[in-house]
Amino acid sequence: MAEKINIGDLMTESYSDKTLKAYSAMMADPKNVFGLGSAAAGSSMCAASMALRALRITASEDADMLHAEQDMEKLRVYFLHLMDEENKAKKPLEKLLKQSEPDDAELEAAYRTACCIIDEIFYMSVRIIETLEPIADKIAPAGAPFASAAVHFAKCGMDSVRILKAVYSTKMNEPVFAHTTKREPEIAIENNRELFDGLIAKFEAKIG
């Protein structure tokens, strides 16, 4: 007989409904569902917001700039959605971890499920930077500080995912998948380091 679903388990707190004061308190509470995944999504949401500000300060009618602004607004809203989705994805894992002797196979599957949304946060953070790259030269000097900060915040979101996946990898039973879970974000960050550093240098050269 299938396990009866507890409707309460389907309920999650929504970041979109919280004040910054409440969010910071929840993040600091060890018993709260908000954690590194939520922090990653929040950091990258801030990155998209700052990139948008840089684009809007520049206020160019260039088609590429307008397209980048549209894409960045979609990313800003999407990261808010991902914050809530990441909390939902952790529900099966949290439930199992409360059991005295959770089933190994179910626990492994729950860790993999928990990785799904943080992977999306990671690669959408890369998308922020990829969206900025082709229009970087068109950003006005007044918008450059925000564009540089956007890259830093997107990197922070990616690093938060990297750290969380390193933690998850230590809990997994299947060694190949555990190794892949840990190494994939590390490799992606290393492969994009030149792009990140180059954009930051380009934006900060416009300051002053």
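The values are calculated or read from the model by the stated rules, or taken from the named source; none is laboratory data. Note that the structure is predicted; figures quoted are calculated from it, not measured. No Cβ is skipped: glycine too gets one built from the backbone with ideal geometry, and neighbour counts run over all protein chains shown. These accessible areas exclude ligands, DNA and RNA; they are computed on the full protein's heavy atoms, side chains included. Shrake-Rupley method; radii C 1.70, N 1.55, O 1.52, S 1.80 Å.
Among all residue pairs at least 6 apart or on different chains, which show Cβ distances below 9 Å where the first residue, located in region 135-153, is polar (S, T, N, Q) and the second is buried (at least 17 other Cβ atoms within 10 Å of the Cβ)?
Filtered contacts from region 135-153: Ser148/Met50; Ser148/Ala54; Ser148/Leu199; Ser148/Ile200; Ser148/Lys202; Ser148/Phe203; Ser148/Lys206.
So which residues in region 170-190 are of a type in the set (S, T, N, Q) and within 18 Å of the chain's Cα centre (by Cα), if there are any at all?
Residues of region 170-190 of a type in the set (S, T, N, Q): 170, 173, 180-181.
Matches in region 170-190: Thr181 only.
Give me a count of the residues in region 52-65 that are loosely packed, with under 13 Cβ neighbours inside 10 Å and in a helix (DSSP H, G or I). Quick ask: steps written out before the conclusion?
In the first step, residues of region 52-65 are kept if they are loosely packed, with under 13 Cβ neighbours inside 10 Å; the result is 59, 61-64.
Add one more test, that the residue is in a helix (DSSP H, G or I), and what stays is 63-64.
So the answer is 2.
Which one of these is modelled with pLDDT under 95, over 17 Å from Met158 (Cα atoms), of a type outside the set (A, V, I, L, M) and open to solvent by less than 60 Å² (accessible area, probe 1.4 Å): Asp84, Asp17? Working first, answer last.
Values: Asp17 fails: open to solvent by less than 60 Å² (accessible area, probe 1.4 Å).
Checking each option against the conditions leaves just Asp84.
Return the total of residues in region 119-142 being buried (at least 21 other Cβ atoms within 10 Å of the Cβ) and over 23 Å from the mean Cα position of the chain (by Cα).
Total satisfying the criteria: 1.
Given the options Tyr123, Tyr111, name the one that is modelled with pLDDT under 95 and either touching an Asp or Glu at 6+ places or on another chain (Cβ under 6 Å) or of a type in the set (Phe, Trp, Tyr) (or both). Full working, then the answer.
Details: Tyr123 fails: modelled with pLDDT under 95.
None of the others qualify; the one that does is Tyr111.
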